[in-house]
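Worksheet: the structure to be examined is printed underneath.
Please treat every number below as a calculation from the coordinates, not as lab data. Every value quoted in this text rests on a predicted model; they were computed, and no experiment measured them. Here the Cβ is made from the backbone with ideal geometry for all residues, glycine too, and neighbour counts use every protein chain on show.
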Amino acid sequence: MSLKKIAILFSGEGSNLENIIKKLHQKTFKNLSIEVVLTLTNNPNAKGIQRAKKYALDPVIVDHTLYKTREEFDKELVKIIKRYHVDLVVLAGFMRILTPIFTKSIKAINIHPSLLPNFKGANAIQRSFNSSIKQAGVSVHFVNEKVDDGEIILQSSFDKDGLDYQAFCTKIHQIEYDIFPKAIIKVLKDTSNTDK
Ligand code: GAR
């Protein structure tokens, strides 16, 4: 049996954070046991804080506005994450651009609500909905120093036809809740440490 520890970083609503905790925390999948050992947010007002607390996973809050540069903020993140000896860091709506200080020393994966490489960056759901591209979807990828870039781990797509904006958003989130836990398990099966 192998026990893998993960950290979840988030910035806002935290619905992916809660979905991952519900589906993976202290659960076993064949020979793989998963433990969420750290939750962390950059936003002291993130709704996800209350969600994590329901599972006794009180988040560490690292308010990015208190740091002069992205590098100083990232240094602090790396310092905290290293203390927990996690196997993987999961970015679940963590809306910070990360510098090489983070990306070169931490193994992390990210979820993005589009079929990458389309619609990188902010407001991806809205931009994907408004575009003339008929297919939309969700991507989970390894994190590198570019925004919403890095090797794809899992993608899932659907046809936009006939969906209004509300139904489109619901579909995106349903897919996120389905593929993110699967991608985490997939990566953990061949991961030994966050150290790159
Ligand atoms: C999710 O839709 C996620 O894909 C997106 O933020 C949302 C967070 O929702 N992430 C990005 O756009 C990353 N570039 P949540 O806080 O309810 O999980």
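Among the GluC sites (Glu not before Pro) in the range 1-77, which ones are in a DSSP loop with at most 12 other Cβ atoms within 10 Å of the Cβ? Mind listing them?
Listed in order of number, the matching sites amount to none.
At an R0 of 22 angstrom, the distance between the Cβ atoms of Lys27 and Asp190 translates into a FRET efficiency of 0.75.
Kirkwood Rh over alpha-carbon pairs of the range 1-83, then Stokes-Einstein at 10 °C and 1.306 mPa s: what D in µm² s⁻¹, rounded to an integer?
Details: Rh = 13.5 Å.
Calculated translational D: 118 µm²/s.
Report the chymotrypsin sites (Phe, Trp or Tyr not before Pro) located in the range 1-77 that are in a DSSP loop and have at most 15 other Cβ atoms inside 10 Å of their Cβ, or state none. Walk me through the numbers on the way to the answer.
On the way: sites: Phe10, Phe29, Tyr55, Tyr67, Phe73; in loops: Tyr55, Tyr67.
Hits after loop and neighbour filter: Tyr55.
Distance cut-off 31 Å, Cα to Cα: go down the list Lys104/Lys160; Lys30/Lys171; Lys82/Lys120; Lys4/Lys79 and report the pairs above it. Working shown, then result.
Details: Lys104/Lys160 37 Å; Lys30/Lys171 29 Å; Lys82/Lys120 28 Å; Lys4/Lys79 19 Å.
Correct reply: Lys104/Lys160.
Counting each pair of different Cα atoms once, what's the Kirkwood radius of the range 13-161 in Å, rounded to one decimal? Can you show the working numbers first?
Values: mean 1/r = 0.0604 Å⁻¹.
About 16.6 Å, per the Kirkwood formula over Cα pairs.
Running a GNM on the chain with Cα contacts under 10 Å, which residue among Ile152, Ile21, Ile97 ends up with the highest mean-square fluctuation? Looking only at Ile152, Ile21, Ile97, the largest GNM fluctuation is found for Ile97. Charge tally for His64 (other residues, Cβ to Cβ under 13 Å; Lys, Arg +1; Asp, Glu -1): -1. Translational diffusion coefficient of the range 74-196 (Stokes-Einstein, Kirkwood radius from Cα pairs, 37 °C, 0.692 mPa s): 217 µm²/s. Calculate how steeply helix 165-189 sits against the longest principal axis of the alpha-carbon atoms of the chain, using the helix alpha-carbon long axis, and give the answer as 0 to 90 degrees to the nearest 10. Taking Cα atoms only, the helix is inclined about 40 degrees.
In the neighborhood of Gly121, defined by Cβ-to-Cβ distances under 10 Å, what is the net charge if each Lys or Arg adds +1 and each Asp or Glu adds -1? Walk me through the numbers on the way to the answer.
Values: positive: Lys120, Arg127; negative: Asp148.
Neighbour charge sum, excluding Gly121 itself: +1.
Distant-in-sequence amide contacts of Leu98, defined by a placed amide H-H separation under 5 Å and a gap of 5 or more residues or a different chain, comprise nothing. Report the Cα centroid-to-centroid distance between the range 77-121 and the range 129-168 in angstrom, as an integer. Centre-to-centre distance over Cα atoms comes out at 18 Å. Need one number: % antiparallel among DSSP beta bridges in the chain, to the nearest 5. The answer is about 45 percent antiparallel. Computed from Cα positions, the angle between helix 15-24 and the longest principal axis of the chain comes to roughly 60 degrees.
Summing Lys, Arg as +1 and Asp, Glu as -1, what charge do residues with Cβ under 10 Å from the Cβ of Ile153 carry, Ile153 excluded? It would help to have the intermediate numbers written out before the result.
Numbers: positive: Lys182, Lys186; negative: Glu151.
Within the 10 Å Cβ shell, the charges total +1.
Taking Ile172, Ile49, Ile111 as the candidate residues, the one with maximal mean-square fluctuation in a Gaussian network model of the chain, Cα springs under 10 Å, is Ile172.
Identify the trypsin sites (Lys or Arg not before Pro) of the range 106-172 meeting these criteria: DSSP loop state and at most 11 other C-beta atoms within 10 Å of the C-beta. Intermediate results must be reported in sequence, preceding the final value.
On the way: sites: Lys107, Lys120, Arg127, Lys134, Lys146, Lys160, Lys171; in loops: Lys107, Lys120, Lys134, Lys146, Lys160.
Filter output for the range 106-172: Lys134, Lys146.
Apply the a/c threshold of 1.5 to the C-alpha gyration tensor of the range 36-82 and tell me whether it is rounded, prolate or oblate. Provide the component values of the computation, followed by the final result.
Working: a/c = 4.26, a/b = 1.62, b/c = 2.62.
The shape class here is oblate.
Here the chain is treated with +1 on each Lys and Arg Cβ and -1 on each Asp and Glu Cβ, and its dipole about the Cα centre works out to around 420 debye.
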